[in-house]
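The values are calculated or read from the model by the stated rules, or taken from the named source; none is laboratory data. Because the structure is predicted, anything quoted here is derived from the model rather than measured. With ideal geometry, Cβ positions are generated from the backbone for all residues, glycine too; neighbour counts draw on all protein chains shown.
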């Protein structure tokens, strides 16, 4: 997510990307308004579509492949997040930035596809029994609880990097990385456990 702050081993001032002037022009108040408004809109939309399933059904639109697609997006995102951390620790700023922007882009695609899926899908219920049932619901509930937290964290982390606020970027990234990674990995786990029970 951008680059590391000056002083990170293997980096030099010349290797750090120039700040985005358009983002630097935003006040902290305006930035907070944008981040939290966008988060509220996305979360609200997801809640509405999950509560009122198939409210915007488009005839002929096949969403059956989307759960597997979402798992692929989450898995790839997790790999890019890990790669990004490895790269910045080696001082490879440009490669780190590419990996993290890639992870952010995949998450954006996931959100769009997730909204489309829940606007068309009748829903599915987990049919596992025994010890796997509480395990599944623990993973699912923790995933659902942390997923809305990722969006503002990721937005702030990316924006801090593009504004060249590397100290603040690094401080928030320490929180963003584990939460984002957990949500991505558990997204794959939820799909694998739910895969036998999807109905279309």
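Overview of results
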item	result
Candidates 7, 91, filtered to the one that is over 26 Å from residue 188 (Cβ atoms) and modelled with pLDDT under 85	7
Selection within region 38-85 - in a loop (DSSP other than H, G, I, E, B), closer than 23 Å to residue 145 by Cβ and free of Cβ contacts under 8 Å to residues at least 40 places away in the same chain	52
Close pairs from region 21-37: first modelled with pLDDT of 85 or more, partner surrounded by 12 or more Cβ atoms within 10 Å (Cβ to Cβ), Cβ under 6 Å, at least 6 apart	35/152; 35/155
Verdict on residue 187 being farther than 19 Å from residue 36 by Cα, in a helix (DSSP H, G or I) and touching a helix residue (DSSP H, G or I) at 6+ places or on another chain (Cβ under 8 Å)	yes
Test result for residue 103, touching a residue at least 60 places away in the same chain (Cβ under 8 Å), assigned to a helix (DSSP H, G or I), within 21 Å of the chain's Cα centre (by Cα) and over 26 Å from residue 160 (Cα atoms)	no
Top-ranked residue of region 90-100 - restricted to ones that are in contact (Cβ under 8 Å) with a residue 24 or more places away in the chain and assigned to a helix (DSSP H, G or I), ranked as farthest from residue 62 (Cα to Cα)	93
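Rundown of residues vs (1) assigned to a loop (DSSP other than H, G, I, E, B); (2) closer than 27 Å to residue 35 by Cβ; (3) in contact with a helix residue (DSSP H, G or I) (Cβ under 7 Å, 6 or more places away or on another chain), yes/no style:
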residue	(1), (2), (3)
87	no, yes, yes
111	no, yes, yes
135	no, no, no
145	no, yes, no
